[in-house]
Structure formats: C-alpha cells, structure tokens
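Student: Below: one structure in structure tokens.
The values are calculated or read from the model by the stated rules, or taken from the named source; none is laboratory data. Please read these numbers as outputs of a predicted model, since none were measured by experiment. Note: ideal-geometry Cβ built from the backbone for every residue, glycine included; neighbour counts use all protein chains shown.
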Amino acid sequence: MRNLTLALAFGAFSLPAAAYADCGEVSVAEMNWASGSIITRITEFLMVQGYGCDVTLVPSATTTAITSLAENNEPDIVPELWVNSAPAYFRLNEEGKVLKAADVFAEGGSENWWVPDYLVEAHPELATIDGILANPELVGGRFHNCPDGWGCRIANDNLVKAFDFAGHGIEVFNHGSGDTLPAAMASAYENKEPWFGYYWGPTAVLGRYNMVAVDMGPHDPDIHACNQTVDCATPGKSAYPAAPVLTVVTSDFADRNPEVFELVSNISFGTQELSNLLAWQADNSASAEEAAVYFLTQNKDTWMGWVNDEAGEKLSAIIQ
C-alpha cells in the first residue's frame, strides 16, 4: 500500500506524454474538506492511470468553485458540489454552461436526529420521534443541538418548538463548538449511554458508530423552508430533506471528452460507505491520498464498474 500511495501522490505510474493525446489536460477541483479531497484523489487516479489524462488539481470550496465556473468556465470537473449552498449552479445549468455528471452522494447529504443502535435494540420505540417524546428518560432527557452560527441550529431551534421538547421534559443542550457535538456522541456510544441529537453525513463519526436515524415524519418543503429562518412565525414538524451533492462538469469538457465524462458520471458513493472511509482515515491519521489508495485497493469491484474496459485493463495492472 505504501508504494501505491507514493504512486498516487507523486505520479510514479505516469504515462508517456503521447498517451495524453486523447484526454488532454483536465482541471479538477479539490474541495477543502475531507470527503471532497478523497473523492477528488480517487477521480484523479482513475483519470490519469486509466484514461491518460493530464490532471491539474485546483484547491477550492463551494463558493470559490461556483464563482470560477461562472466567471472562467473552469475547473473542468467539480466533485462534491453541495448545490443547495451554491444557487448559481442552477442558473449555469439552465444556461447550458455546466452539466450534472452524477449524484456523487447516492442518497444525498443527510441531516438527521440520531440515537445509538443499542438504545433502539433495547427500546424499539426510540426509532421514532413520537417514541422519544413519550419516553424522554430513555434518551437521557437531553437533545444535543448544533452550535450557534450553524445553519442547522436555526432549523433545530424551530423543530424543538414544533415538537414541544419543553413540554415533554427534554432539555436542549446547545453545543459550543463543532468539536464537542461529535465528541459527546462518541463518549456516549463508547460507554453505552443514552444519546439523542443532531448530526449530518457522510462523516467519520457516523462511520465509526452505529447510529439510527430517528423517524421525524414526512418532509414538507414549505414547513422546512420556514424552519430554516430565524423569524419563522409558525415552526412546524418536518424531516430534513436529503441535500443534493453533485459532480458538476463544464459543457465544454463533456463535449470534448465524452469517455471521461462517462467515468465521472459513474462515480458515486453511498452515505455509509463514505462515512466508513472517513472513519478509516481519521482512525489511521491518513492523508487524502492514503484514504484514496485504501478505497481503491479494498473496493476494486466497485470502481471497475465505473471505468470502461480499456481503462479497467490498465488499472488492473496497477491494482491487483
């Protein structure tokens, strides 16, 4: 694995310059968070070693990427774009400047209220919000809320009112930082204690611990839209929606390189699959390159379904 890591990071398996003729130069955004960086590194490796692309990675983030697409028509490929946080994507898509290649998170990004699996095994009613409201003592009588300043804090504060936590004897604990919220979940799980609160995925903590998403009832777009505002006059009951998370490419790139467009259109991860990969990275203090190598070596059947036959032959010579 060490040798393959070095190959991924430093291009030890780089192909001759002539091999780049068909694919050419490709710019790929590398988002500045763990999952985005890993997905980019996996994509880069498959493009370089399978399709002979000359890839340039562009450090980026949601706003940076969508602004660059709008103003400069680059980078060619943007993996893990959370389009709900990049509304300009929809305008660019309508104008034909960019295309959706794939739902890179197959189920979308998830936001939920969670309880540990051992609580649900002992008390199945805790899998629903009605069961929790009827038995607050079984979850410790506490809801672990987002820190102030997070978007989820606004929605949760309105949901707390809608579900009348105070009237059901559930205290709301507002975490002071993004570090203490997952730490509280981890501590409770490792000690098999009650825990009930908010978190999102895919994330390392949800890959490390078996948590059960609480059934909050149906999602209502209008109610959720109000719940996301500080001044919502009528907070209501609504589950969180799945957030679309896409790989986006420029239309120019899709036209000039249909084979690689097909590749990135196939790259997609399940929420739990990616959470498990992030947990492995955290547990092993691994870099994005090392996490990409781990995925590639452990999931050959998966990525072989993403690439075409010619690329599969090239990649199989590298990854046994």
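Student: Count, please, the residues in region 74-89 that happen to be free of Cβ contacts under 8 Å to residues at least 12 places away in the same chain and under 30 Å from VAL48 (Cα atoms).
Tutor: Taking region 74-89 and keeping what is free of Cβ contacts under 8 Å to residues at least 12 places away in the same chain, we get 87.
From the residues that got through so far, the ones that are under 30 Å from VAL48 (Cα atoms) too are none.
Summing the residues that are free of Cβ contacts under 8 Å to residues at least 12 places away in the same chain and under 30 Å from VAL48 (Cα atoms) in region 74-89 gives 0.
Student: Going by the structure shown, is ASP215 in contact (Cβ under 8 Å) with a residue 40 or more places away in the chain, out of contact with any Phe, Trp or Tyr (no Cβ under 7 Å at 6 or more places or on another chain) and over 30 Å from ASN73 (Cα atoms)?
Tutor: Values: in contact (Cβ under 8 Å) with a residue 40 or more places away in the chain: yes; out of contact with any Phe, Trp or Tyr (no Cβ under 7 Å at 6 or more places or on another chain): yes; over 30 Å from ASN73 (Cα atoms): yes.
It is true that ASP215 is in contact (Cβ under 8 Å) with a residue 40 or more places away in the chain, out of contact with any Phe, Trp or Tyr (no Cβ under 7 Å at 6 or more places or on another chain) and over 30 Å from ASN73 (Cα atoms).
Student: Test each condition in (1) touching a residue at least 60 places away in the same chain (Cβ under 8 Å); (2) over 26 Å from TRP306 (Cα atoms) for LEU92 and report the one that comes out false.
Tutor: For LEU92, the exception is condition (1).
Student: Acidic (Asp, Glu), surrounded by 18 or more Cβ atoms within 10 Å (Cβ to Cβ) and touching a strand residue (DSSP E or B) at 6+ places or on another chain (Cβ under 7 Å) - does that describe any residue in region 115-130? Can you show your working first?
Tutor: Here is the first cut: in region 115-130, the residues acidic (Asp, Glu) are 117, 121, 125, 130.
Add one more test, that the residue is surrounded by 18 or more Cβ atoms within 10 Å (Cβ to Cβ), and what stays is none.
No, region 115-130 contains no residue that is acidic (Asp, Glu), surrounded by 18 or more Cβ atoms within 10 Å (Cβ to Cβ) and touching a strand residue (DSSP E or B) at 6+ places or on another chain (Cβ under 7 Å).
Student: Looking at region 221-234, is at least one residue part of a loop (DSSP other than H, G, I, E, B), more than 29 Å from ALA34 (Cα to Cα), out of contact with any Cys (no Cβ under 8 Å at 6 or more places or on another chain) and touching a residue at least 12 places away in the same chain (Cβ under 8 Å)?
Tutor: From region 221-234, those part of a loop (DSSP other than H, G, I, E, B) are 228-234; that's our starting set.
If we keep only those that are more than 29 Å from ALA34 (Cα to Cα) too, we end up with 230-234.
Applying the additional criterion that residues be out of contact with any Cys (no Cβ under 8 Å at 6 or more places or on another chain) yields 230-231.
Right, trim to touching a residue at least 12 places away in the same chain (Cβ under 8 Å) and you get 230.
Yes, the conditions are met somewhere in region 221-234.
Student: Within region 121-153, count every residue that is assigned to a loop (DSSP other than H, G, I, E, B) and more than 14 Å from GLY197 (Cβ to Cβ).
Tutor: Of region 121-153, the ones assigned to a loop (DSSP other than H, G, I, E, B) are 123, 135, 140-141, 146-150.
From the residues that got through so far, the ones that are more than 14 Å from GLY197 (Cβ to Cβ) too are 123, 135, 148-149.
Adding up the residues that qualify gives 4.
Student: Quick one: which of GLU74, GLU95, GLU44 is under 20 Å from the mean Cα position of the chain (by Cα) and either over 30 Å from ALA225 (Cα atoms) or not assigned by TED's automatic domain parsing to the domain that holds TYR198 (or both)?
Tutor: It is GLU44.
Student: Still on this structure, please answer the following. Of all the residues that make up region 81-114, how many are among the polar types (S, T, N, Q) and under 21 Å from ASN257 (Cβ atoms)?
Tutor: Number satisfying all stated conditions: 1.
Student: Related question: Considering only region 47-61, I want to know if a residue exists there that is crowded, with 18+ Cβ neighbours inside 10 Å and at positive phi.
Tutor: yes
Student: What about GLN228, is it surrounded by 21 or more Cβ atoms within 10 Å (Cβ to Cβ) and either assigned by TED's automatic domain parsing to the domain that holds ALA29 or touching a helix residue (DSSP H, G or I) at 6+ places or on another chain (Cβ under 8 Å) (or both)? Before the answer, list the steps.
Tutor: Values: surrounded by 21 or more Cβ atoms within 10 Å (Cβ to Cβ): no; either assigned by TED's automatic domain parsing to the domain that holds ALA29 or touching a helix residue (DSSP H, G or I) at 6+ places or on another chain (Cβ under 8 Å) (or both): yes.
In short, no.
Student: Would you confirm whether any residue within region 257-267 is under 19 Å from ALA106 (Cβ atoms), assigned to a loop (DSSP other than H, G, I, E, B), touching a residue at least 60 places away in the same chain (Cβ under 8 Å) and not assigned by TED's automatic domain parsing to the domain that holds LEU119? Before you say what the answer is, go through the steps one by one.
Tutor: The first filter runs over region 257-267 and keeps only residues under 19 Å from ALA106 (Cβ atoms), leaving 261-267.
Going one step further and asking which of them are assigned to a loop (DSSP other than H, G, I, E, B), we end up with 267.
Now drop any that are not touching a residue at least 60 places away in the same chain (Cβ under 8 Å), which leaves 267.
Remaining after also requiring not assigned by TED's automatic domain parsing to the domain that holds LEU119: 267.
Checking region 257-267: at least one residue is under 19 Å from ALA106 (Cβ atoms), assigned to a loop (DSSP other than H, G, I, E, B), touching a residue at least 60 places away in the same chain (Cβ under 8 Å) and not assigned by TED's automatic domain parsing to the domain that holds LEU119.
Student: Sticking with this structure for a sec: Can you pull out the residues in region 103-138 that are among the hydrophobic types (A, V, I, L, M, F, W, C), out of contact with any His (no Cβ under 9 Å at 6 or more places or on another chain) and free of Cβ contacts under 8 Å to residues at least 60 places away in the same chain?
Tutor: Within region 103-138, just ALA122 meets the criteria.
Student: In region 154-167, what residues are exposed (fewer than 14 other Cβ atoms within 10 Å of the Cβ) and part of a helix (DSSP H, G or I)?
Tutor: Of everything in region 154-167, those that are exposed (fewer than 14 other Cβ atoms within 10 Å of the Cβ) and part of a helix (DSSP H, G or I) turn out to be ALA166, GLY167.
Student: So which residues in region 261-280 are among the hydrophobic types (A, V, I, L, M, F, W, C), under 14 Å from ALA102 (Cα atoms) and in contact with a Gly (Cβ under 9 Å, 6 or more places away or on another chain), if there are any at all? Talk me through it step by step, then tell me what you get.
Tutor: As a first pass, look at region 261-280 and keep what is among the hydrophobic types (A, V, I, L, M, F, W, C): 261, 263-264, 267, 269, 274, 277-280.
Pick out the ones that are also under 14 Å from ALA102 (Cα atoms) and you get 261, 263-264, 267, 269.
LEU263, the sole residue that qualifies.
Student: Output the residues belonging to region 231-262 that are hydrophobic (A, V, I, L, M, F, W, C) and surrounded by fewer than 15 Cβ atoms within 10 Å (Cβ to Cβ). Outline the logic, then answer.
Tutor: Pass one, region 231-262, residues hydrophobic (A, V, I, L, M, F, W, C): 232-233, 239, 242-243, 245-246, 248-249, 253-254, 260-261.
Within region 231-262, just ALA233 meets the criteria.
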